[in-house]
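The values are calculated or read from the model by the stated rules, or taken from the named source; none is laboratory data. Since this is a predicted model, take the numbers as computed values, not measurements. Here the Cβ positions follow ideal geometry from the backbone for every residue, glycine too, while neighbour counts run over all protein chains shown. Accessible surface areas use protein heavy atoms only, side chains included; no ligands, DNA or RNA. Shrake-Rupley method; radii C 1.70, N 1.55, O 1.52, S 1.80 Å.
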Amino acid sequence: MNQNTFINATTIENLLTRHINSSPQKIDDILAKALELKGLDIEDAATLITISDKDQLEKIFQTALKIKDEIYGNRLVLFAPLYVSNHCANNCLYCGFRHDNKDMKRICLNIDEVKDETRIILEEGHKRILMLMGEHPAKCSFEYFLETIDAAYAVKDSKGSSLRRVNIEIAPLSDVQFAELSHIPIGTYTCFQETYHEETYKKMHPSGKKSHYDWRLNVMDRALKNGLHDVGIGALFGLYDYRFEVLALLQHAKHLDETYRIGPHTISVPRIESAQNAPASRIVPHPTADTDFKKIVAVLRCAVPYTGIILSTRESPTMRNELFHLGISQISAGSRTSPGGYANAMINSTVQEQFSVNDTRSTGEVIRSVIEQGFVPSFCTGCYRRGRTGQDFMELAKPGLIKAHCLPNALLTLKEYLKDYADEETRIWGENIIKKELLHIPSKNRMKKTEEYLKQVENGKRDLYF
Ligand code: SAM
Ligand code: SF4
């Protein structure tokens, strides 16, 4: 197969027409299959994503909830984004960083500023960040970006804590650049296709390197061929018909899985938010209604049960709370979308940010709310640090195994958070949830060992994990 033929628009359009209005029996059969946790094929996903009947939608939501519970339990992994530059030579019509936005105050953080931002994020309790920048090799080069990763890892906060995992989201790299990146200790490399619909893609990306659809579409092939093991994909919902994007995301995932035996580690589901001087954020071409957005998350959870689904602070607290029950496994918290935004929260808001966020709560507030709802906030980076990535992760990703590793690690990192960063009330809520969740660790031995480790954390030991 030619690399660029794995997205087949005609197939997707035919599937969407053919599977609309499927019988209730067929839908029930598909949902029963989803509960076997082996994923769904694209035809099945086409049936689910075209459903609009309220009762049937409710059944999809219930199924997604069961799958999420079975595989991930009630853990939510937390991270914070760190933007190092808003220079950009591209012109994406939805983005505040676009080259033609002359009101944007451009900045490329120096190494000390990157360290300051990292320190603030660490002091909030985060252990995992996502580093991003616009695409402007002349102003902020790939080499500069590599230096910022080093700088971020080198920072220690007042508790002596440092970052345990840096994920990155930058414009597509070349083979040579990916080969170089493969020697740097990053977690996931993420890049959103934005839209898989080629004609829309061309309209939305009128100039700059990003205007080349194939260069972006083949980015994960280049990454995986050149030594990366952990990649994340996504689509920006609102640019084109969400049903098309969901099936295309699944075609992309299938292609990576079949070709490299490594499916995407994560799928992100950003929705367009308002951005300065960005026409496609003012008049969104295909606005995605809340119910459809919930359906997107639920169908992805049914179709690729072991793939993480990432939700950002683009969504409101209310929407986020609803989506936690439908399959989200990773969330950002306390985010700033401008370079320097953590150190200068008041100064550089709209004039330097990529888009505005809807969940403006602090990390502490998000964590408190998540715990109050019965979820376990997790700062775990265990798999990555034990080398359980790529194919190894996929093999590990069976419900029992995930529970044996991830739940204890989540509890240990939550305990650290409660000791080092939480206020008194959050600490009480958190200790209660730890006590309750300990009982859900599947093996007696692992439960005992986790209890021992928790005591060690209580007594000052840090960074214990399975
Ligand atoms: N500049 C690189 C690129 O485009 O791949 C790095 C990622 S960019 C900093 C992060 C992502 O933000 C983009 O891929 C896009 O999907 C998303 N984004 C841009 N404008 C947005 C908006 N107005 N609302 C929501 N998400 C937006
Ligand atoms: Fe630049 Fe990325 Fe924004 Fe496009 S989405 S204008 S490439 S920062």
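Summary of computed values
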{"quantity": "Positive-end residue, the chain charge dipole about Cα centroid, Cβ charges, pick of GLY374, PHE293, TYR94", "calculated": "GLY374"}
{"quantity": "Region 244-254 - phi-based ³J(HN,Hα) in whole Hz, Karplus 6.51/-1.76/1.60, Gly and Pro as x", "calculated": "4, 5, 5, 5, 5, 4, 5, 5, 5, 4, 5"}
{"quantity": "Förster-model FRET efficiency, 45 Å R0, HIS183 and ALA32, C-beta, rounded to 0.05", "calculated": "0.50"}
{"quantity": "Computed helical MRE - 222 nm, the chain, DSSP H runs ≥ 4 contributing -39500 (n - 2.57), nearest 500", "calculated": "-14000 deg cm²/dmol"}
{"quantity": "Scaled radius of gyration (Cα, divided by 2.2 N^0.38 Å) that region 21-144 gives", "calculated": "1.62"}
{"quantity": "Accessible area of the chain belonging to carbon and sulfur atoms, whole % at 1.4 Å probe", "calculated": "50 percent"}
{"quantity": "Estimated distance in nm for a label pair at GLU43 and ASP150, the labels positioned 7 Å out from Cα along Cα-to-Cβ", "calculated": "5.4 nm"}
{"quantity": "Rh by Kirkwood over Cα pairs, then Stokes-Einstein D for region 141-283 at 1.567 mPa s and 4 °C, µm²/s", "calculated": "78 µm²/s"}
{"quantity": "Values of log10 I(q)/I(0), in the order q = 0.07, 0.08, 0.12 Å⁻¹, for the chain under a Debye, Cα-only, solvent-free model", "calculated": "-0.33, -0.44, -1.05"}
{"quantity": "ASP112 paired with TRP215, simple spin-label distance in nm, labels 7 Å along Cα-to-beta-carbon", "calculated": "3.5 nm"}
{"quantity": "HN-Hα J in Hz across region 157-163 - Karplus 6.51, -1.76, 1.60, θ = phi - 60°, x for Gly and Pro", "calculated": "8, 5, 8, x, 8, 10, 5"}
{"quantity": "Charge tally in the Cβ shell below 12 Å around ALA235, where Lys, Arg are +1 and Asp, Glu are -1, ALA235 excluded", "calculated": "0"}
{"quantity": "Relative contact order %, the chain, counting alpha carbon pairs below 8 Å whose residues are six or more apart", "calculated": "20 percent"}
{"quantity": "P(r) of region 204-288 over all Cα-Cα pairs, binned every 5 Å from zero, in whole percent", "calculated": "3, 13, 20, 21, 20, 13, 7, 3, 0"}
{"quantity": "Per DSSP, loop trypsin sites (Lys or Arg not before Pro) in region 206-293 with at most 15 further Cβ within 10 Å", "calculated": "ARG261"}
{"quantity": "Partners for LYS54 among lysines (Cα-Cα distance below 24 Å; same-chain residues under 8 apart left out)", "calculated": "LYS26, LYS33, LYS66, LYS68, LYS294, LYS295"}
{"quantity": "Scattering curve values for region 251-305, log₁₀ I(q)/I(0), Debye with Cα scatterers, q = 0.21, 0.24, 0.29 Å⁻¹", "calculated": "-0.87, -0.94, -1.11"}
{"quantity": "Given charges at beta-carbon only (K, R positive; D, E negative), |dipole| of the chain in Debye", "calculated": "840 debye"}
{"quantity": "Residue-normalised accessible area of the chain, given per residue in Å² at a 1.4 Å probe", "calculated": "40 Å²"}
{"quantity": "Size-normalised alpha-carbon gyration radius of region 328-389, reference 2.2 N^0.38 Å", "calculated": "1.40"}
{"quantity": "Rounded FRET efficiency, nearest 0.05, which uses the C-beta distance separating ILE283 from GLU198 and R0 of 30 Å", "calculated": "0.90"}
{"quantity": "Cα-projected label distance for GLU123 with LYS105, points at 7 Å along beta-carbon direction, nm", "calculated": "2.1 nm"}
{"quantity": "Theoretical FRET efficiency, 1/(1+(r/R0)^6), r = Cβ-Cβ of ASN321 and ALA345, R0 25 Å, to 0.05", "calculated": "0.55"}
{"quantity": "Model label zone, ARG386; criterion: amide N under 15 Å from point 7 Å along Cα-to-beta-carbon; scope region 407-449", "calculated": "407-413, 441-449"}
